[in-house]
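Enquirer: Have a look at the structure that comes next, please.
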Amino acid sequence: MDARRIPLHYVHEQLGAKMIPFAGFIMPVRYSSDIEEHMTVRQGVGVFDVSHMGEFKIEGPHALDLIQRVTSNDASKLVDGQAQYSCLPNETGGIVDDLIVYKLKDNDYLLVVNASNIEKDWNWIAARNTQGAVMKNISDNICLFAVQGPKAKDVLQKLTAVDLSQIAYYHFVVGDFAGVANVILSNTGYTGAGGFEIYCPAADAEKVWHAIFEAGKNENIKPIGLGARDTLRLEMGFCLYGNDIDDSTSPLEAGLGWITKFTKPFTNSEALQKQKESGVARKLVGFKMVDKGIPRHDYDILTNEGRKIGRVTSGTQSPLLGQGIGLGYVETAFSKPGSEIFISVRGKGLRAQVSKTPLIA
């Protein structure tokens, strides 16, 4: 299938972005350099166009029942204006996708899913919609901008009467923004640098994009590509679907027990409950390189003696730390913070240490 263009494709081309195929879309990977863009978000303010993400509305009296049956977290705890990180477990112990569930009001929810899984997730949820919840795929009608960094709030506050300082982490408000009505202003950032996500109608996306940049002129606001998004989320130890979690990784192995609530039945919950009781054989850990070297996806993780105990799922050079960092699955015996592990880089075992996340804490 040909990769699709996001609505502001030509705007990114005009900004000099390098455009690459990603998750079925042509996306801006960088505008200047990954390190410069990364540090812009850590120290100032940057804007990601992540309009490739998928959005589903789930509505009606059976909406919550459907969400409860297909997601691992307990959506009944949500209040209006609250969001929740969750996942869609499959029937074999793995994860169909991770997602965010937004409660707009009773019987009215928004699910935000990964771009590469839009069709897969839709089909998965629809096949389990046995009670007739109303499902709408509104992905093509919504643009999503993640405005991230310590200066993000001050920039965005110029464009709305909503008091952004009152939006707690994993909460949101629907209001007027940049002269556009019914915009979702959400605080669920993927960078650890603070900021907000702006969900606006695709028809108003260009107006909103330019308004954000006009408001941020004095703060030297910059567009940011997927390259820096990856290094920023990795410094925080946040999972990326397709790398750190997938159809073969259990949420318990991935350290997502905190979003796996056995207070209600959901897909494969009995088997996952047994796995929790018996313990997992491998765990996803964060690590920092001790020796000089950059870990990469699929590199082997070894013991001091050279025995393979796992593999790297995500790795990079941390712009903030100036050292190699990564995530990977290891045998549980080696998962304790401080454990010494070795990363096989071009046939040589380089020393690393298991570290708590965030890796930049």
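Enquirer: Can you tell me, using C-alpha contacts under 8 Å and at least 6 residues apart, the relative contact order of the chain as a whole percent?
Expert: Numbers: 843 pairs, mean separation 62.1, N = 361.
Relative CO of the chain lands at 17 percent.
Enquirer: Gap in Å between the Cα centre of region 79-143 and the Cα centre of region 226-245?
Expert: Computed from Cα coordinates, the inter-centre distance equals 21 Å.
Enquirer: Using modelled backbone amide H atoms (1.01 Å from N, in-plane), which distant-in-sequence or interchain residues come within less than 5 Å of residue 293's amide H?
Expert: Residues meeting the criterion, in which the H sits 1.01 Å from N, are 324.
Enquirer: What FRET efficiency would be calculated for the residue pair residue 264, residue 298, taking the C-beta separation as r and a Förster radius of 35 Å, to the nearest 0.05?
Expert: Numbers: r = 36 Å, r/R0 = 1.03.
The pair residue 264/residue 298 has a calculated efficiency of 0.45.
Enquirer: Return the long-range amide H neighbours of residue 142 (sequence gap of 5 or more, or a different chain), with a cut-off of under 5 Å between placed amide H atoms.
Expert: So residue 142 has HN proximity to 202.
Enquirer: Residue by residue through region 67-84, what is 3J(HN,Hα) from phi via Karplus (6.51 cos²θ - 1.76 cosθ + 1.60, θ = phi - 60°)? Round to whole Hz and write x for glycine and proline.
Expert: For region 67-84, the Karplus curve yields 4, 5, 6, 9, 10, 7, 7, 9, 6, 5, 7, 6, 9, 3, x, 10, 10, 8 Hz.
Enquirer: Would you grab the residues whose amide H sits under 5 Å from the one on residue 4? Only those 5+ places off in sequence or on another chain, please, with H modelled 1.01 Å from N.
Expert: Hits under the 5 Å cutoff: 25, 26.
Enquirer: Here is a further query. Short version: ³J(HN,Hα) in whole Hz for each residue of region 122-137, in order, from phi by Karplus 6.51 cos²θ - 1.76 cosθ + 1.60 (θ = phi - 60°), x for Gly and Pro, what are they?
Expert: My calculation for region 122-137 gives 4, 5, 4, 5, 4, 5, 9, 8, 7, 9, x, 4, 7, 10, 9, 8 Hz in order.
Enquirer: Quick check: Cα centre of region 284-358 to Cα centre of region 9-54, how many Å?
Expert: Using only Cα atoms to place each centre, the spacing works out to 28 Å.
Enquirer: Whole-Hz ³J(HN,Hα) for each residue in region 308-318, computed from phi via Karplus 6.51 cos²θ - 1.76 cosθ + 1.60 with θ = phi - 60°, x for glycine and proline: what do you get?
Expert: 6, 10, x, 8, 6, 9, 8, x, 6, 8, 6
Enquirer: Be a star and scan region 18-32 for residues whose amide nitrogen sits under 14 Å from the point 7 Å along the Cα-to-Cβ vector of residue 119.
Expert: Those under the cut-off are 23-25.
Enquirer: Let me ask you something else. Which stretch or stretches of region 159-198 have amide N atoms under 15 Å from the point lying 7 Å from residue 108's Cα along the Cα→Cβ direction?
Expert: 172-176, 181-185
Enquirer: Determine the dipole magnitude for the chain: charges of +1 sit on the beta-carbon of Lys and Arg, -1 on that of Asp and Glu, nothing else is charged, the reference point is the Cα centre, and the result goes in debye to the nearest 20.
Expert: Here the size comes out at about 960 debye.
Enquirer: Let's test the formula: R0 of 41 Å, r as the Cβ-Cβ distance of residue 348 and residue 76. What FRET efficiency results, to the nearest 0.05? Can you show the working numbers first?
Expert: On the way: r = 51 Å, r/R0 = 1.25.
The computed FRET efficiency comes out at 0.20.
Values quoted throughout were computed directly from the atomic coordinates according to the rules given, and no laboratory measurement underlies them. Source: prediction; values computed, not measured. Note that each Cβ is placed from the backbone with ideal geometry, even for glycine, and that neighbours are counted across all protein chains shown.
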